[in-house]
1. Counting only residues that are in a helix (DSSP H, G or I), at pLDDT 95 or above and of a type outside the set (D, E, K, R), which one in region 190-220 is nearest to residue 119 (Cα to Cα)?
2. Say whether the condition of being among the β-branched types (Val, Ile, Thr), at pLDDT below 95 and out of contact with any Phe, Trp or Tyr (no Cβ under 9 Å at 6 or more places or on another chain) is met by at least one residue in region 88-99.
3. Condition test on residue 194, is it farther than 18 Å from residue 241 by Cα and β-branched (Val, Ile, Thr)?
4. I need the full set of residues from region 109-123 which are more than 15 Å from the chain's Cα centre (by Cα) and open to solvent by 20 Å² or more (accessible area, probe 1.4 Å), in order please.
5. Report, by residue number, each residue of region 229-245 that is assigned to a helix (DSSP H, G or I), touching a residue at least 24 places away in the same chain (Cβ under 8 Å) and either of a type in the set (A, V, I, L, M, F, W, C) or closer than 18 Å to residue 122 by Cβ (or both).
6. If residue 101 meets every condition in (1) open to solvent by less than 10 Å² (accessible area, probe 1.4 Å); (2) out of contact with any strand residue (DSSP E or B) (no Cβ under 9 Å at 6 or more places or on another chain); (3) among the hydrophobic types (A, V, I, L, M, F, W, C) apart from one, which number is that one?
7. When the residues of region 157-216 are filtered to those that are open to solvent by less than 50 Å² (accessible area, probe 1.4 Å) and of a type in the set (Asp, Glu), which remaining residue is farthest from residue 256 (Cα to Cα)?
8. Restricting attention to region 67-88, which residues are surrounded by fewer than 17 Cβ atoms within 10 Å (Cβ to Cβ) and not charged (D, E, K, R)?
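The values are calculated or read from the model by the stated rules, or taken from the named source; none is laboratory data. Keep in mind that what you see is a predicted model, and the values were worked out from it rather than measured. As a convention, Cβ positions derive from the backbone with ideal geometry for all residues, glycine included, and neighbour counts pool all protein chains shown. Accessible surface areas use protein heavy atoms only, side chains included; no ligands, DNA or RNA. Shrake-Rupley method; radii C 1.70, N 1.55, O 1.52, S 1.80 Å.
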Amino acid sequence: MSDVRGAAVAGRQLKRTRGGGRVPGALLWEAVRSVLARIAPEAGPSEVVDVGGGTGGFAVPLAELGHRVTVVDASPDALAALERRAAEAGVRVRAVQGDAVDLPDLLGPGAADLVLCHSVLEYVDDPAATMAALTATVRPGGSVSLLAAGQLAAALSRAVGGHFDDALRVLTDASGRWGDGDRTPRRFTRETLTALARDAGLRVAELHGVRIFADLVPGGNADGEGDSAEALLALESVAAVHPVLRDLAAQLHLVADKPAAGGPAA
């Protein structure tokens with residue numbers, strides 16, 4: 001894959017995320033690209049598995065960069081949309097119907113250099129079993145990219161909206177939920193997400209906050225291509241790795257490595 005081609009695809013992806021009012025998505029995309037560059041410094045194609053990847057928001061751009069991508073999703077409709085999207089982009093993405101916990105049976109052990117598991121752990125029946133499946137699917141020396149809802153951000157959001165009892169429940173509930181009307185079954189803190197990865201035998205490499213300020217400002221300031229969006233992107237870039245602010249993010253992005261054979265344990 002040439003640098004020119006990579007820059008062109010990255011540019012298109014950044015335009016998609018920014019233009020759609022999803023400035024933080026650009027940061028997540030760059031984080032994923034940096035992981036691939038780190039685990040495959042020769043810049044050759046990597047085997048990427050996107051668990052719950054749906055219609056291919058990450059899978060198709062990664063395939064455009066030359067990587068071999070498999071999307072595993074429980075929804076046949078989402079996989080059908082993925083195949084149409086890949087065809088329109090002129091790339092091939094393998095679509096497999098199934099659940100995250102069944103990954104080793106679906107793909108085999110050590111099938112991927114990088115496993116993406118974004119916005120999935122909140123909804124699975126058993127996060128620990130899912131993490132074990134992710135770990136089994138990634139090869140030694142590979143990485144797992146986790147994106148999960150942040151518990152502290154939910155408490156802050158409910159409090160800012162004047163729902164102080166809800167905010168208290170988020171902080172004291174084991175699953176980080178504010179009540180029966182909460183549509184998110186589970187949220188994580190930096191500590192609980194890190195422990196989940198380490199207990200599965202992974203070594204935590206990076207932790208970023210995603211959507212720290214973007215959800216708190218008026219929508220118009222986060223949309224479009226103007227100076228305000230650029231300023232928000234710069235702010236989110238710095239806050240994403242700030243040791244305090246990142247814990248307040250709406251989503252926590254954790255990158256964890258599987259130790260190479262004979263390497264140190266997590």
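1. Result: 193.
2. Among the residues of region 88-99, not one is among the β-branched types (Val, Ile, Thr), at pLDDT below 95 and out of contact with any Phe, Trp or Tyr (no Cβ under 9 Å at 6 or more places or on another chain), which makes the answer no.
3. no
4. If the condition is that a residue be more than 15 Å from the chain's Cα centre (by Cα) and open to solvent by 20 Å² or more (accessible area, probe 1.4 Å), then 109, 110, 111, 113 are the ones that fit.
5. Residues of region 229-245 assigned to a helix (DSSP H, G or I): 229-239, 245.
Subsequent filtering for residues that are touching a residue at least 24 places away in the same chain (Cβ under 8 Å) retains 229, 232-233, 236-237, 239, 245.
Scanning region 229-245 gives 229, 232, 233, 239, 245.
6. Single failed check for residue 101: (1).
7. 166
8. Once the filter is applied, which keeps residues that are surrounded by fewer than 17 Cβ atoms within 10 Å (Cβ to Cβ) and not charged (D, E, K, R), region 67-88 yields 74, 75, 76, 80, 81, 87.
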